[in-house]
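The structure appears right after this line, and notes come after that.
The values are calculated or read from the model by the stated rules, or taken from the named source; none is laboratory data. Please read all numbers here as calculations on a predicted model, not as lab measurements. Ideal geometry is used to build each Cβ from the backbone, glycine not excepted, and the neighbour counts take in all protein chains shown.
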Amino acid sequence: MSHGQKEFDRKYYQRFFDKYSRKELEMYYRWAEGWIRFLDNYLDIKAGNRRKVLELGASLGYFSKVFKDRGFSVWATDISSHIIKKARAIQRGVNFSTVDVERGIKISERFDYILAFEVLEHLKKPDRALRNIRAKLKTGGVLVFSTPFPTRRSLADPTHINVHREDWWLRLGKKTGFRDLKMIHATFIPFLYRFSSRFSFGFPLKTDIPFVNSTVFFLFKK
């Protein structure tokens, strides 16, 4: 069983959500704010200015909510119809739909930014996903994604079927037609976001300390 199958998804999301409530959405929203504030140092995303964002692997759409609140027009997708149904029930103002990025993105719009946070490592064919993503970006649009680097912890997750070193992703980005490829390491303070978004922030460094959330951001331009 895998992502996109109802029973698998139901058990998988029990790791993160109890009631799929607005309260849980707001907690993860505070976490997402820290990630997006970190990216403010590298991207022009502080105000929407009528631009369009697509999030892949959106779950309840907490990253999408950050962009919505900044004035972007937002589409949020996930392979799981289970989680998309839950997201629609607790959030308005975001266009939710079920999408399997490896099969194609059946949305008519082109986007200024496409987001995929901690998604590509779950895919069997990330190269196919990158080509489908590139096709939905406007010229000059940017794919923004994060993915873990190889550690004992990241490799132990059975759903992480494509965890690679940073240079592997940069080569794949070039191979699939992207340009101006950038990589940024990021480490975020754990747990304290549960109390306030003021405690949700990150540093541009790489670490494998247990319980600390360290990842790699990639910025690929079309």
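I want to confirm something. Restricting to the range 98-133 and keeping residues that are small (G, A, S) and more than 15 Å from the chain's Cα centre (by Cα), which single residue is nearest to H160 (Cα to Cα)?
For the range 98-133, the residue satisfying everything is G104.
Being buried (at least 21 other Cβ atoms within 10 Å of the Cβ) and closer than 18 Å to R51 by Cα is the filter here; which residues of the range 63-93 pass it?
Answer for the range 63-93, where residues must be buried (at least 21 other Cβ atoms within 10 Å of the Cβ) and closer than 18 Å to R51 by Cα: F63, S64, K65, V66, F67, F72, V74, W75, A76, T77.
Being of a type in the set (A, V, I, L, M) and surrounded by 15 or more Cβ atoms within 10 Å (Cβ to Cβ) is the requirement here; does V119 meet it?
For V119, the condition - of a type in the set (A, V, I, L, M) and surrounded by 15 or more Cβ atoms within 10 Å (Cβ to Cβ) - is met.
Could you list all residues from the range 20-41 that are among the basic types (K, R) and either modelled with pLDDT under 95 or touching a Lys or Arg at 6+ places or on another chain (Cβ under 8 Å) (or both)?
R30
Filter the range 183-198 down to residues that are in contact (Cβ under 8 Å) with a residue 24 or more places away in the chain and over 17 Å from the mean Cα position of the chain (by Cα) and give me whichever is surrounded by the most Cβ atoms within 10 Å (Cβ to Cβ). Give the steps one after another, and end with the answer.
Going through the range 183-198, the residues in contact (Cβ under 8 Å) with a residue 24 or more places away in the chain turn out to be 183-189, 193-194, 196-197.
Checking the rest, the ones that are also over 17 Å from the mean Cα position of the chain (by Cα) come to 189, 193-194, 196-197.
Working: I189: 14, Y193: 23, R194: 12, S196: 9, S197: 18.
My answer is Y193.
Name the residue that is farthest from F117 (Cα to Cα), counting only residues in the range 27-58 that are charged (D, E, K, R) and surrounded by 14 or more Cβ atoms within 10 Å (Cβ to Cβ).
The residue in question is R51.
Which numbered condition in (1) out of contact with any Ser or Thr (no Cβ under 6 Å at 6 or more places or on another chain); (2) at pLDDT 90 or above; (3) assigned to a loop (DSSP other than H, G, I, E, B) is the only one that P210 fails?
(2)
Which of the residues spanning the range 153-164 are in contact (Cβ under 8 Å) with a residue 24 or more places away in the chain and not in a loop (DSSP other than H, G, I, E, B)?
Hits for the range 153-164 are R153, S154.
When residues of the range 134-152 are filtered for being among the charged types (D, E, K, R) and either buried (at least 21 other Cβ atoms within 10 Å of the Cβ) or within 16 Å of the chain's Cα centre (by Cα) (or both), how many remain?
So the count comes out to 2.
Please pick out the residue among D167, D180 that is acidic (D, E), surrounded by fewer than 15 Cβ atoms within 10 Å (Cβ to Cβ) and not in a helix (DSSP H, G or I).
Criteria check complete, one pass: D180.
Does L130 qualify as being assigned to a helix (DSSP H, G or I), of a type in the set (A, V, I, L, M, F, W, C), at pLDDT 95 or above and buried (at least 20 other Cβ atoms within 10 Å of the Cβ)?
For L130, the condition - assigned to a helix (DSSP H, G or I), of a type in the set (A, V, I, L, M, F, W, C), at pLDDT 95 or above and buried (at least 20 other Cβ atoms within 10 Å of the Cβ) - is met.
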